1. Can you give me the distance in nm between label points at K100 and V153, each placed 7 Å from the Cα along the Cα-to-Cβ direction?
2. Quick one: which residues, 5+ away or cross-chain, put their amide H under 5 Å from the amide H of Q92? H built at 1.01 Å from N.
3. Given the Cα atoms of the range 126-167, and with Rh set as the inverse mean 1/r over their pairs in the Kirkwood sense, what is Rg to Rh to two decimals?
4. Note down the nm distance, to one decimal, between modelled labels 7 Å out along Cα→Cβ at K133 and at F37.
5. 5 Å is the cut-off here: which amide hydrogens, built 1.01 Å from N in the peptide plane, fall below it relative to E99, excluding neighbours closer than 5 in sequence?
6. Over the Cα atoms of the range 33-159, what Rg and Dmax result, in angstrom?
7. Take M45, project a point 7 Å from its Cα along the Cβ direction, then tell me which residues of the range 62-81 have their backbone nitrogen under 17 Å from it.
8. Can you give me the long-range amide H partners of I66? Hydrogens built in the peptide plane at 1.01 Å from N, cutoff under 5 Å, separation of 5 or more residues or another chain.
Amino acid sequence: MWMGKIISFVLCLSLIPFFCQHQVEASDQLNKANLTFVAKVIRIMDGDTMEVLYKNRPTKIRLAHIDCPEVKKSQPFGQHAKKALSDLCFGQQVMVLGEKTDRYGRLIAVVVNHQKQIINQQMIKQGMAWHFKKYSHDPVYANLEIAARKNKVGLWQDPSPTPPWEWRKPKRLSTVFK
């Protein structure tokens, strides 16, 4: 009887490395959000989303604190914002400061280019983004937007630009049929 207990105990001990290895791999995936790393920007999707090459894998990055005009939905300044982001970092090695992942699996991050510019902030300074107050309460971004508005930089040249979160809302059908 005691021999069976010893064999069970030894068997359990031999499985510990297996379980520990899988826990480390799983936690590595979860901790990517709190990771700081250097990667090459390989694609610009729009003014606030890019793809970087990290550990030989494409990784989508959504810029934290900002929201840019929509390219896919043909929002005014959408293409300008995409080009501005491209000019700031495309093809460069950048520092990515991961904060969390969103519901689409993108890493929400602050990105710093080779000129040590915080790209997220540069997009607001250039008038190519709004401070995304729904998800960010950082006063630096709020003040940058105030300055860009005051100076009528980029999209702030338009007297009443539509924020992207409003532009993305489905268009309501007016009561055409009576």
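Read-outs: derived from the displayed coordinates by stated rules, not from any lab. Treat the numbers as computed from the prediction; the structure is a model and nothing was measured. With ideal geometry, Cβ positions are generated from the backbone for all residues, glycine too; neighbour counts draw on all protein chains shown.
1. 2.8 nm
2. Amide H to amide H, under 5 Å and 5 or more residues apart or across chains, Q92 pairs with V41.
3. On the way: Rg = 10.1 Å, Rh = 10.6 Å.
Reported Rg/Rh (Cα atoms, Kirkwood Rh): 0.95.
4. Going by the 7 Å Cα→Cβ label model, 3.5 nm.
5. Those qualifying (amide H under 5 Å, at least 5 residues apart or on another chain) are I108, A109, V110.
6. That works out to 13.7, 44 Å for Rg and Dmax.
7. 62-75, 78-79, 81
8. Answer set, sorted by chain and number: F132.
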